[in-house]
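As structure tokens, the structure follows; a few thoughts come after it.
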Amino acid sequence: MEDKKRPDDKKRLEERVGEQQVTYDIYAAMPDDGLRYEVLDGSLELMSPGPNTSHQILSYNLQAKLSGSRKSEYLILYAPLDVILSPTNVVQPDLIFIRPERADIVTKRGIEGPPDLVVEILSPGSRHRDRVRKLRIYEKHGVPEYWIVDPGARTLEQHLLQGDRLELSRVYEGEDAVTSDRLPCVSFTVAGLFDDPTLQRLLSSN
């Protein structure tokens, strides 16, 4: 099998992306170097380091809370999966929700169009990207609802599209029950997301 991690390949890739705006076609043609990338407004961004253990446990807990509802109401997908919002904006949210009537945006390449709801779980290296850059990209492409889960603060921020702006609607914490008009069968507490002994130990040691 051809080794896709050769230094020459990586050097040529860096030269290519440095010369022009990165598009989905360039991104899709990249050699597999074992790393994850996103394309934000035509800029290739390395998603590094990889998600830590607390991030992964929290992602699993959130999936479990949401999967307990009626699955016929929406499709839940999770990273790594390309969400192709435009040729120059390709993102990988932690969780993706799509209503069944919009399932045509699910293709072999990934999700081609704005999901009904996206979730990002903050990591130490992703705070600015998730809170500012990706929020504006989701806003620009009409994502109607965006959740940001902050493990350090143990909060969930709910941003709703108001006109052409994603506005902070509510910050949930503790025993607050998270609800969404888009997902009426969903109701869970933020405390419930963190009610895991291993997760609590990992977060308290940070």
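The values are calculated or read from the model by the stated rules, or taken from the named source; none is laboratory data. Just so it is clear, the model here is predicted, and its values are computed rather than measured. Virtual Cβ from ideal backbone geometry, glycine too; neighbours counted across all protein chains shown. Side chains included, ligands, DNA and RNA excluded: accessible areas come from the protein's heavy atoms. Shrake-Rupley method; radii C 1.70, N 1.55, O 1.52, S 1.80 Å.
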Keeping all protein chains in the complex and leaving out DNA, RNA and ligands, what accessible area do you get for Arg201 with a 1.4 Å probe, in Å² to the nearest 10? 140
Quick check: the distance between the Cα centres of segment 129-166 and segment 107-125, to the nearest angstrom? 11
Accessible surface of Ile84 in the full protein assembly, 1.4 angstrom probe, to the nearest 10 Å²? 20
In Hz, Karplus ³J(HN,Hα) per residue of segment 189-197 (6.51, -1.76, 1.60; θ = phi - 60°; x = Gly, Pro): 9, 5, 4, x, 5, 9, 7, 9, x
With the contact rule set at Cα under 8 Å and sequence spacing of 6 or more, what percent relative contact order holds for segment 141-206? 23
In terms of the alpha carbon gyration tensor, root eigenvalues a ≥ b ≥ c, rounded if a/c is under 1.5 and otherwise prolate when a/b exceeds b/c or oblate, segment 108-201 is prolate
Segment 76-166: relative contact order as a whole-number percent, Cα under 8 Å and 6+ apart: 22
Against the longest principal axis of the chain, how steep is helix 53-67, in degrees 0 to 90 to the nearest 10, with axes from Cα atoms? 60
Sequence of Asp104, Asp176 from largest to smallest accessible area, 1.4 Å probe: Asp104, Asp176
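When only C-alpha pairs under 8 Å and at least 6 residues apart count, what is the relative contact order of the chain, in percent? Display every interim value, and only then the final one.
Details: 330 pairs, mean separation 30.7, N = 206.
Over the chain, the number comes to 15 percent.
Send over a whole-number figure in Å² for the accessible area per residue of the chain, probe 1.4 Å. Walk me through the numbers on the way to the answer.
Values: 10870 Å² over 206 residues.
So the chain comes to 53 Å² accessible per residue, rounded to a whole number.
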log₁₀ I(q)/I(0) of the chain at q = 0.10, 0.11 Å⁻¹, via Debye over equal Cα point scatterers, no solvent, to two decimals? -0.45, -0.55
What does the accessible area of Phe194 come to, in Å² to the nearest 10, when a probe of 1.4 Å is used? 10
Answer rounded, prolate or oblate for segment 85-124, using the Cα gyration tensor with square roots of eigenvalues a ≥ b ≥ c: rounded when a/c is under 1.5, else prolate when a/b is larger than b/c, else oblate. oblate
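Suppose every K and R has +1 on its Cβ and every D and E has -1 on its Cβ; what is the size of the dipole of segment 51-106 about the Cα centre, in Debye to the nearest 20?
Numbers: 5 positive and 5 negative charges, 44 e Å.
About 220 debye.
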